[in-house]
Amino acid sequence: MSSTTRAPQPPLTSRTPRSPMAPPRSFLWSRGIFLTLLTVFVLVPVYVMISSSLKPLADVTGKFRWLPSGLTFRPYIDIWSTVPLARYFVNSLVVAGAATICSVIIAVFSAYAVSRYNFRGKRVFTVTVLSTQMFPGILFLLPLFLLYVNIGNATGIALFGSRGGLILTYLTFSLPFSIWMLIGYFDSVPRDLDEAALVDGCGPLGALFRIVVPAAIPGIVAVAVYAFMTAWGEVLFASVMTNDTTRTLAVGLQGYSTLNDVYWNQIMAASLVVSVPVVAGFLLLQRYLVTGLTAGAVK
Amino acid sequence: MTTTTASADTGERTVRKNSPGAARSPRRTGRIRRIGLPYLLLLPALLLELLVHLVPMVIGIVMSFKELTQFYIRDWGTAPWSGFDNYKVSLDFNAPVGDALLHSFLVTVGFTLLSVGLCWLIGTAAAVFMQDTFRGRGLLRALFLVPYALPVYAAVITWVFMFQHDNGLVNHVLHDQLHLTDKPSFWLIGDNSFVALLVVSVWKGWPFAFLIVMAGLQNIPKELYEAAALDGAGMLQQIRRITLPSLRPVNQVLILVLFLWTFNDFNTPYVLFGKAAPEAADLISVHIYQASFVTWNFGTGSAMSVLLLLFLLVVTGVYLLLTSRGRKTADV
Amino acid sequence: MRSIRAAAVGAVTMSLALAASACGGGSSTGGGSNDSPKTLTYWASNQGASIEVDKKVLQPELDKFEKQTGIKVKLEVVPWSDLLNRILTATTSGQGPDVLNIGNTWSASLQATGALLPWDAKNFEKIGGKDRFVDSALGSTGAEGKDPAAVPLYSMAYALYYNKQIFADAGIAKPPVTWDELIADGKKISAKGKSVLGAEGSNLSENIHHVFVFGKQHGADFFTPDGKADFTSDGVVAAVKQYVDLMAKDKVIPTGNAEYAQNQSVSDFAKGKQAMLLWQSAAANLKSQGMSEDQYGIAPVPVQSGTPGTGNQVNSMVAGINLAVFKNSHNLDGATKFVKFMTSDEEQKVLNTAYSSIPPVKAAQEDSAFTSPSNAVLKDTLAKSASALPQVADESQFETAVGTAVKELFADAAAGRPVTTESVKAKLQKAQQQMPTK
């Protein structure tokens, strides 16, 4: 049996009819140009940050140089002593971590309630919570801080100047967006699954934790990432509500620029060190982020 | 009778357990529990919102009716009531304070529209271009998310370093290497500061649009594209006829959220310019911060914040009205 | 079922407990008292090259104090960018330090809040009496006619620092005494390729300090005797214009300096790129940047004509740091003891030597440590030709409004836009209208 011979193929030229599904050449060209320019735009500051953090001080105080005159890891050592960076790091971790965990839990509960139940005041609740997105921070900065002080005086719970107060604040900041995203995501989990669980004898909370939450993991991860990033990077409230012991990175990094000589290489090194956990976490979880945002965004 | 008790602090509940497999639990028990449960679930969120957002906001509004300067800051309750004076001062566009506020407001509107527009354009274009798999797509996508993932101060301080007049990269490239300008420009003061602010804001913000649009694109069934391609529609036509309309619900939300966040953004201009922003880039959030914290004039600062809030409420309301009406006609 | 519910409840409780336990710091409030006689909280300002340097300078002295009195002092060094904000929050919340450093120009504004302990005759007795202190320093401790709101701690004045090598290369024999001489010298210096004079164009308080002196030299004040803002008089306009003209017309300040706000001009001087620097007590700072004392000389700040003195011959503001006590302190007695300690003759010597400032305490000033040529110029200036910034309650608004106006004028000059008497007057008018009217 001879193998089937194929009819000779005509040579591929630009006139060859392409499959209708393949993108046209013009598209490929424009894509190449656009993505290249975009990559450069995104990469240049990142390169500056990395390269400057490895430069000796002379390189960053004179005219800008693309390449370091000599690589040095000194900035990475000095940053810990110039400013108490380790303490700020720990504070930021504690504050952002606690705020994220609490925010996710509360958002899950609230989104479950809105998604699965019809009750009086549901609309009012969602509108109120979501409308807090548009509150300018400065409006309630001073009053919030006064409130914390008064609570501290009345009950002895020190909220002002403590990490707890900051945690409460940050967790509330990320709550509206988190609740809203999770509502969308929970809505996409079919009710029948809930019903089945309820029939089996689970209470509603059981249904929540056994059925809905596992199905909504990507959404929950997305919300957690968002909450963490919000808390990690917040400047305004941190600058007012912390003291020396509880200061977070956001405010602490400014300590490098108030010195008499601006140590740019140390600032870059510190910025990198501070960014690595967030960026690494973000990139690792981006898969969840994309799928997590799909349902919520489409709603 | 089953009682459902709750204590606000811990969300603890005691309910009598249902016997398993009972399809017909006593109606009353079930209904009370059903009615009570959502409110309980919402309680923590509500309490927090009250404590951190709503009550302080009300206090802030009350403060705007008082003359709260350094003399009274120790005991703000005793500050004299000034009625609508703070509002009159803020809105009197012929006087310098009101004039500065109006100028700042217009700058912020212009900045926000440009920033949101550019973020959306670049984000959508990137999402569309990256839809098909090609070599290096995963890596590129990860790289593109970096500006958004970086904490604000790390990203902005790098740009400050790059925008320096004497030693910055931007002037080095534009002036020394490409010879596009005849002398190095100022980016952190003067008129160019608006451009600098815009560049930083777009650099940081576009990946968010990219992320959202990319997620939304995944929901568009491929068959639509295939059908259109077979009908002979070109790339651009496919984008216009299929992609954009399908993305409409996503875009509506995205644009609103971006607008609100960008308009209220305090971190970016504060790290970029410090407490006193140059006129060309005087965003309203820093402007109000300066009017209250830096000059110890909290009454006026609060009044300005309330005005800002009212503006955003109006914009959001109008936006939602227009978009929901649009959705109705689109469904026809 | 129950286990899941329990787990849910447990999770919520735990996270709330976690949040609550993370609460730390902060202290309860109350009126002034002596409830905690054994501890004090002290907020120091950043006087040294870095916060760590300040801690190194102050900690041994605090240990000394603890040995003497048994009171433990908790130190926090607050950077300048934060200090006023922190004082503000402390004032508002009633929770703050017991003792703190304040910039002496803030004395009247902070006095108006009522948060600081007034130093009446009785309190002054506790620290040895008012006449221990130099008059000019006392002039910057609060509004006239009221008891001082703080006690002088370090005194500083502006001086003209000049690079000896650059001067020698340019053939300049001695430092300029008048502004015209400075501009003439500037031409010789720029011919040799060095920049002439530095300025921190984007630093609002620096701008204020200089235009205030120029104002005095033009016979004008920024405030009328009864405390009203007056920024548009001819003298003030001419003064501001003369300062900005140093960049716009005379070209002795490089345009890049319009952006400076982080003491880059001090670095430029320390690195030998720049010939002259107008700065407060820069010796310690320059040393930390590697410039030795024999590389530069110190002269009085130039005047319009003649020699420095009073009235139109003023050439520096009375710069300095004051030590204040919060009225709400829990350890008023301890705080007073601490102030006495810090203003005692020996401590004044130790601290002012470390910070290269001048003691505002008369007895300490006589010490040999402060008779070196560099300190001689500063002491002289403080004693003879320095004037205190207006001690009005609106002082911080004044700094913001006029400081910003000068920053914008520098931006204009840097961009090559014309700086005329009209444009200066317009900016100052806008600044004046932003001052509170009540």
inquiry  = So if I check each of B:153, B:148, which one is of a type outside the set (A, V, I, L, M), more than 7 Å from every other protein chain (Cβ to nearest Cβ) and under 18 Å from residue A:277 (Cβ atoms)?
reply    = B:148
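Conditions tested, residue by residue: (1) touching a residue at least 24 places away in the same chain (Cβ under 8 Å); (2) under 21 Å from the mean Cα position of the chain (by Cα); (3) closer than 19 Å to residue A:67 by Cα.
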{"residue": "B:152", "(1), (2), (3)": "yes, yes, no"}
{"residue": "B:161", "(1), (2), (3)": "no, no, yes"}
{"residue": "B:165", "(1), (2), (3)": "no, no, no"}
{"residue": "B:168", "(1), (2), (3)": "no, no, yes"}
{"residue": "B:171", "(1), (2), (3)": "no, no, yes"}
{"residue": "B:175", "(1), (2), (3)": "no, no, yes"}
{"residue": "B:180", "(1), (2), (3)": "no, no, no"}
{"residue": "B:184", "(1), (2), (3)": "no, no, no"}
key: Matching option when the condition is modelled with pLDDT of 80 or more and within 17 Å of the chain's Cα centre (by Cα), among A:290, A:279   = A:279
request  = Might you check whether a residue that is at pLDDT below 90, under 17 Å from the mean Cα position of the chain (by Cα) and surrounded by fewer than 20 Cβ atoms within 10 Å (Cβ to Cβ) occurs anywhere in segment C:218-239?
outcome  = no
task = Scan segment A:183-208 for residues that are closer than 18 Å to residue B:39 by Cα and either hydroxyl-bearing (Ser, Thr, Tyr) or within 33 Å of the chain's Cα centre (by Cα) (or both) and jot them down.
result = A:183, A:186, A:204, A:205, A:206, A:207, A:208
Residue that is surrounded by the fewest Cβ atoms within 10 Å (Cβ to Cβ) [pool: residues in segment A:222-246 that are more than 20 Å from the chain's Cα centre (by Cα) and either in a loop (DSSP other than H, G, I, E, B) or on the phi > 0 side of the Ramachandran plot (or both)] = A:245
Candidates C:144, C:181, filtered to the one that is charged (D, E, K, R) and part of a helix (DSSP H, G or I) = C:181
inquiry  = I'd like to check something: does segment C:408-423 contain any residue that is over 21 Å from residue C:138 (Cβ atoms) and not assigned by TED's automatic domain parsing to the domain that holds residue C:255?
reply    = no
Number of the condition not met by residue C:279 [criteria: (1) modelled with pLDDT under 90; (2) more than 14 Å from residue C:166 (Cα to Cα); (3) out of contact with any Ser or Thr (no Cβ under 6 Å at 6 or more places or on another chain)] = (1)
request  = Check every one of the helices (runs of 4 or more DSSP H) wholly within segment C:291-402 and list those with 2 or more residues that are of a type in the set (Val, Ile, Thr).
outcome  = C:332-342, C:345-354
ask   = How many residues does segment B:235-252 hold that are in contact with a Lys or Arg (Cβ under 9 Å, 6 or more places away or on another chain) and modelled with pLDDT of 80 or more?
value = 2
inquiry  = Taking the condition of being within 20 Å of the chain's Cα centre (by Cα), of a type in the set (D, E, K, R) and surrounded by fewer than 21 Cβ atoms within 10 Å (Cβ to Cβ), how many residues in segment C:362-411 meet it?
reply    = 3
message = Give me the residue from segment C:250-279 that is within 14 Å of chain B (Cβ to nearest Cβ), in contact (Cβ under 8 Å) with a residue 24 or more places away in the chain and assigned to a helix (DSSP H, G or I) and, out of that set, farthest from residue B:188 (Cα to Cα).
response = C:268
query = For segment B:56-171, list the helices (runs of 4 or more DSSP H) that sit wholly inside it and hold at least 1 residues that are more than 30 Å from residue C:394 (Cβ to Cβ), assigned by TED's automatic domain parsing to the domain that holds residue B:298 and touching a Ser or Thr at 6+ places or on another chain (Cβ under 6 Å); which are they?
reply = B:96-129, B:152-162
query = Tell me, which helices (runs of 4 or more DSSP H) lie completely within segment B:222-332 with 1 or more residues that are in contact with a strand residue (DSSP E or B) (Cβ under 8 Å, 6 or more places away or on another chain) and surrounded by 15 or more Cβ atoms within 10 Å (Cβ to Cβ)?
reply = B:298-331
inquiry  = Checking the structure you have, find out if any residue of segment A:186-196 is within 16 Å of residue B:41 (Cβ to Cβ), in the same structural domain as residue A:129 (by TED's automatic domain parsing) and buried (at least 24 other Cβ atoms within 10 Å of the Cβ).
reply    = yes
query = Looking at (1) within 25 Å of residue C:251 (Cβ to Cβ); (2) touching a Leu at 6+ places or on another chain (Cβ under 9 Å), can you tell me which one residue C:305 breaks?
reply = (2)
message = Criterion first (within 15 Å of residue C:153 (Cβ to Cβ) and buried (at least 17 other Cβ atoms within 10 Å of the Cβ)) does residue C:88 satisfy it?
response = no
note = Scanning segment A:110-120 for residues that are closer than 14 Å to residue B:39 by Cβ and touching a residue at least 40 places away in the same chain (Cβ under 8 Å), the one nearest to the other protein chains (Cβ to nearest Cβ) turns out to be A:110
Subset tally (residues that are buried (at least 16 other Cβ atoms within 10 Å of the Cβ), free of Cβ contacts under 8 Å to residues at least 60 places away in the same chain and under 22 Å from the mean Cα position of the chain (by Cα)) for segment A:42-65 = 4
message = Among (1) part of a loop (DSSP other than H, G, I, E, B); (2) surrounded by fewer than 24 Cβ atoms within 10 Å (Cβ to Cβ); (3) at pLDDT 90 or above, there is one condition residue C:149 misses while meeting the rest; what is its number?
response = (2)
message = Regarding segment A:72-82, can at least one residue be identified that is assigned to a helix (DSSP H, G or I) and at pLDDT below 80?
response = yes
inquiry  = Return the residues of segment B:186-198 that are more than 25 Å from the chain's Cα centre (by Cα) and within 23 Å of residue A:65 (Cβ to Cβ); say none if nothing qualifies.
reply    = B:186
inquiry  = I'd like the full set of residues that are surrounded by fewer than 20 Cβ atoms within 10 Å (Cβ to Cβ) and under 25 Å from the mean Cα position of the chain (by Cα), limited to segment C:152-177.
reply    = C:177
message = Can you pull out every residue in segment C:360-403 that is more than 14 Å from residue C:137 (Cα to Cα) and in contact with a Gly (Cβ under 6 Å, 6 or more places away or on another chain)?
response = C:392
remark   = The number of residues in segment B:40-50 that are facing chain A (nearest Cβ under 7 Å) and free of Cβ contacts under 8 Å to residues at least 12 places away in the same chain is 5
task = Considering only segment B:266-290, state which residues are more than 9 Å from every other protein chain (Cβ to nearest Cβ) and among the small types (Gly, Ala, Ser).
result = B:277, B:280, B:281
inquiry  = Restricting to segment B:181-194, and then to whatever is more than 8 Å from every other protein chain (Cβ to nearest Cβ) and more than 18 Å from residue A:63 (Cα to Cα), can you tell me which residue is modelled with the highest pLDDT?
reply    = B:194
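The values are calculated or read from the model by the stated rules, or taken from the named source; none is laboratory data. Since we're looking at a predicted model, the values are computed, not measured. Using ideal geometry, Cβ is built from the backbone for each residue, glycine included, and neighbour counts are taken over all protein chains shown.
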